[in-house]
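**Q** Structure in structure tokens, see below.
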Amino acid sequence: MDGFGVRGERCAGRIFLCVMLMLAIAGVPMKAYSADIRAYVDQKSVQVGESLQLTVSVSGGGGDVDISPIHDFKVISRGTSTSVQIINGSMSRETAYNYALIPLREGNLSIPPLSVNVDGTVYQTQAITVQVSASRNVFVEAQVSNPNPYQGEQMIYTFKLYNAVRIANPKLDGPKFAGFTAKEIGESKIYRTVISGREYDCNELNYMLIPLSVGEKSIEPATLNCYVVKPRSIFDSFFPAIFRTEAVKVNVKPLPPYNGDVKFSGLVGKFDIQAQLENSRLNVGDSTTLAITLKGAGNIMDAESPEIKIPEEFKVYKDNPEEDIQLGMSGYSGRKTFRAALVPIKEGNYVLEAIQLCYFDVSKGSYEVCSTPKLALSVSPSKEKDKLEVTSATSEQVKPLKKKVEFTGRDILPLKEELDALETRKSLSPIRFALLLLIPALFCLMAKLFLALTRKSDDPARLMAQRAEKALKDACSCETSGEEFLSCLYRALVSVILSKAGTKGESLTYSEAAQILRSYGYTDETAEQAAGLLEKIESAKFSGRGLDKDFREELLVETKQMVRSLSS
Amino acid sequence: MRNKKKNFFYYFAILSIFLAVSAQTAEITRSFLDGVNDYKQENFEAAISAFSKIAASGVKNSKLFYNLGNAYLKNGELGHALLWYERALKVAPDDPDLKFNYEYALSQLKDEKENKEISIFRILFFWKHLLNAGTVQHTAIFLNLIFWLIVTIRTLQKKKKILKAPSYLMLVLAVVFTLTAFYNYYEAEYFKEAVILPPQVSVRSGLTDGSAELFVLHAGTKVKIEEEHHDFFKIFFSEGKIGYIRNSDVGVI
């Protein structure tokens, strides 16, 4: 609507400019008028929910209208329109401020004088009275199923919208239900109904409420915003409307004092209790399930496991409770089942005491106790594992002879009278313990070390060097045989060269000897000298000529020098 | 002459020590036998006195502790009985007689343990509750010795494949038992537990007798000692049940 107002102003502005231009051309004199303020409505009698139109017109120019004094209506702005009139050559201009008013209650409602500010001067409009009568086209109502509930009692809050005419875009602003636990029940119901001979469409919404505390409580009004549709010739008209229910008073009563013997379960409503045994005849060690079912309407979801007196001869294993609870027009209702597995440990006939449930019956306004019947249980001796199956020639089955041994009395075993009770058993200190762990590891390390040292003597380089020294020593002591002397020299020289290569061996050619020495960093000269000496010794050895003393001395000296130089 | 005199004093000193030790041993033995006789004659207080005297002299033996537990139990002192059974179990956790009597004493406890503690150590070292600390230590040393022996043999033999599987097996077993032994040392040093001795004890919120009573424990209930103060212990019973208790009201295991 604001969009239309802005466009209207622009359009009026253009027209005004055009008129001013025409007047200027025609030479029509302009006359200024003092502001004339009026307020008026389109109808003075409406029904609740219907809207009327309020117009504040300002002649001679625009102004600011203050609508804050209006309290009996909801005010919706409908924009502004401007009109210009030229009568007998004089021009007048009027601005109209339009509002839709929706009455908030029945009766003679007043639109108080409104202030309009025109160029700093404040004008007042006249007060207008509008008669608002109850609407029978559209109306709403709210009610509770029980305005005087007990604390914890369930009740139903119902909101109903009746419309005999078409409405559009309804929006419900429901109450907050402060002081209650609230839960919407299902979807809204839509049906047709007749009231005072007139047919209405009815929309119904239901909430389940449980008061949280005692005392007077008020459920605030529910408000429905919608558009009432009025059919016109071609197009429908939509009028905004507001419908409001009355506040609903609820007086929550406290539960009366309870002095009964059975413990009050906290349940409020109407309930019943049932107990069922899966199997009333069983053997020792077998299990049977005891199912206790609470059913009824009320706060059944809050029910706790009832007190069950089980004989001591049974082991009890409780299961999680099972719920089947629905929310309907009577509130929460359904069943809650507590299950426990009972395992007898001793044979015999037993009776399970009646299980009692105390609840507050809202229909009677008093505490009621319901109970289950007593349940009988017959327990036979165990058959498990004790069954002795003997296949005899006649295929007769021998009855089990073995029985589980049970204590028939309890006491402690006697004293220990041995004198070793006086011996102190000392435990190892952590340090001694760690040392004892380390000793074998140290021995192992020592063995490894020894092995490493002994393995060093197997080194071929070392062995060959020793061999060279020994051969040289033998050569020095050889006085008689010349051939043996030469062999010793040959062995000494070959061994010392092979020791450099780190390999074992007995012989070398000249070129191999020179190559080994070169490859291990000796000079060519040394390598050639060694190869030459080796050739010289071999020549002397295989030529068969006799060894004179000088030649022998010369070879020995040269070989010694060579061995020493290569060994160093 | 001087040397002869010196030797005389030397031998005299040795003889004196020997006689003193023998006299003490004889005294302890006599006390033990007296305690046994008193117990048989149902004079349990005298038996407790005799066995306590031996324990106070420094004898640490599961059988002696067991006897003390029995005497206290027969005398109606459940707290002290469970304390000595607990001490005996630390030395000999695998003694069947001890376990039988301990279970019997436990059945008379008034306080139910609310939450069973699940310790990761208890799961990892489950066997430690079957063997006493000494057995675990000696087994660890023996397995360690065997392992290193195998390693040494393999080193000397230079054959890498020899005894490979046994060496791994021994390594695993030795590590397991060594860790268990060290855990036992750790537990003995840092985990302190105690047993409530009087029939009923108030666990309080602070270190004075005027502090608010938080809960009540009864004789024989085992608690963990979390902190030690001058006259009080901060104890842990179960999840959420922590408080202070006079140290004279509990016996440290």
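Rule-based calculations on the coordinates, nothing more; no lab input. This one's a predicted model, so the numbers in the text were calculated from it and none came from an experiment. All Cβ positions, glycine included, derive from the backbone under ideal geometry; neighbour counts span all protein chains shown.
**Q** Packing-wise, with mean Cβ within 10 Å as the measure, how do A:62-68, B:82-88 rank, highest first?
**A** B:82-88, A:62-68
**Q** Of the peptides A:429-437, B:217-225, how do they stack up when ordered by the mean number of other Cβ atoms within 10 Å, highest first?
**A** B:217-225, A:429-437
**Q** On a C-alpha basis, how far is the centre of the range B:153-209 from the centre of the range A:425-447 in Å? Whole number, if you could?
**A** 16
**Q** How high is the relative contact order of chain A, in percent, with contacts defined as C-alpha pairs under 8 Å that are six or more residues apart?
**A** 8
**Q** Top mean-square fluctuation among B:227, B:77, B:112, Gaussian network model of chain B, C-alpha springs under 10 Å?
**A** Highest fluctuation among the options: B:112.
**Q** Which of rounded, prolate or oblate describes the range A:220-286 when judged by the alpha-carbon gyration tensor and an a/c cut-off of 1.5?
**A** Oblate, because a/c is 1.5 or more while a/b does not exceed b/c.
**Q** Let me ask you something else. Positive end of the dipole of the range A:24-153, charges at C-beta (+1 Lys, Arg; -1 Asp, Glu), about the Cα centre: which of A:82, A:53, A:126 has its Cα farthest in that direction?
**A** Value computed over the given set: A:82.
**Q** Distance between Cα centroids, the range A:503-544 to the range A:345-374: provide it in whole Å.
**A** So the two Cα centres are separated by 119 Å.
**Q** Considering every residue in A:436-448, what mean count of other chain Cβ atoms within 10 Å of its Cβ is obtained?
**A** Partner Cβ neighbours, averaged per residue: 5.
**Q** Okay, moving on. Compute, for the protein assembly as shown, the length of the dipole vector about the Cα centre, with Cβ point charges of +1 (Lys, Arg) and -1 (Asp, Glu) only. Units Debye, rounded to 20.
**A** Computed about the Cα centre, the dipole is about 1420 debye.
**Q** Would you pull out the residues with amide H under 5 Å of residue A:106's amide H, same chain only if 5 or more places away, H placed 1.01 Å from N?
**A** none
**Q** For the ranges A:42-53, A:87-98, what's the packing order if you count other beta-carbon atoms within 10 Å of each residue, average per peptide, and put the highest first?
**A** A:42-53, A:87-98
**Q** Shifting gears a bit: In degrees from 0 to 90, rounded to the nearest 10, what is the angle of the helix A:510-519 Cα long axis to the longest principal axis of chain A?
**A** 40
**Q** Measure nothing fancy, just the Cα-based angle from helix A:549-567's long axis to the longest principal axis of chain A, in degrees from 0 to 90, nearest 10.
**A** 10
**Q** On to the next question. Can you tell me the dipole magnitude for the range A:460-567 around its Cα centre, using point charges on the Cβ only (Lys, Arg +1; Asp, Glu -1), in Debye to the nearest 20?
**A** 480
**Q** Under a cut-off of 20 Å between alpha-carbon atoms, report the aspartates and glutamates in cross-link reach of residue A:416, not counting same-chain residues fewer than 8 places apart.
**A** The reachable aspartates and glutamates, counting only those whose Cα sits under 20 Å from residue A:416, are B:27, B:34, B:38, B:42, B:45, B:77, B:86, B:94, B:95, B:97, B:103.
**Q** Which loop GluC sites (Glu not before Pro) in the range A:288-335, with loop taken from DSSP, have no more than 16 other Cβ atoms within 10 angstrom of their Cβ?
**A** Answer by residue number: A:304, A:307, A:312, A:313.
**Q** Please compute one quarter of the surface area of the Cα convex hull for the range A:233-378 and express it in square nanometres.
**A** Directional mean of the projected Cα hull area for the range A:233-378 stands at 15.3 nm².
**Q** I'd like the mean, over residues of B:171-181, of how many other protein chain beta carbons sit within 10 Å of each residue's own Cβ.
**A** That average works out to 1.
**Q** Turning to a different aspect of this structure: With a/c under 1.5 counting as rounded, go ahead and sort the range B:192-252 into rounded, prolate or oblate using the C-alpha gyration tensor (a ≥ b ≥ c being the square roots of the eigenvalues; past the cut-off, prolate if a/b is larger than b/c, else oblate).
**A** rounded
**Q** If you don't mind, there's one more thing I want to ask. Is there a simple number for the mean count of other chain Cβ atoms within 10 Å of the Cβ of residues in A:424-433, and what is it?
**A** 6
**Q** Which pairs break 26 Å Cα to Cα here: B:63/B:113; A:160/A:249; B:110/B:224; B:74/B:234; A:253/A:318?
**A** Correct reply: B:63/B:113; B:74/B:234; A:253/A:318.
**Q** With a ≥ b ≥ c the root eigenvalues of the C-alpha gyration tensor of the protein assembly as shown, is it rounded (a/c under 1.5), prolate (a/b larger than b/c) or oblate?
**A** oblate
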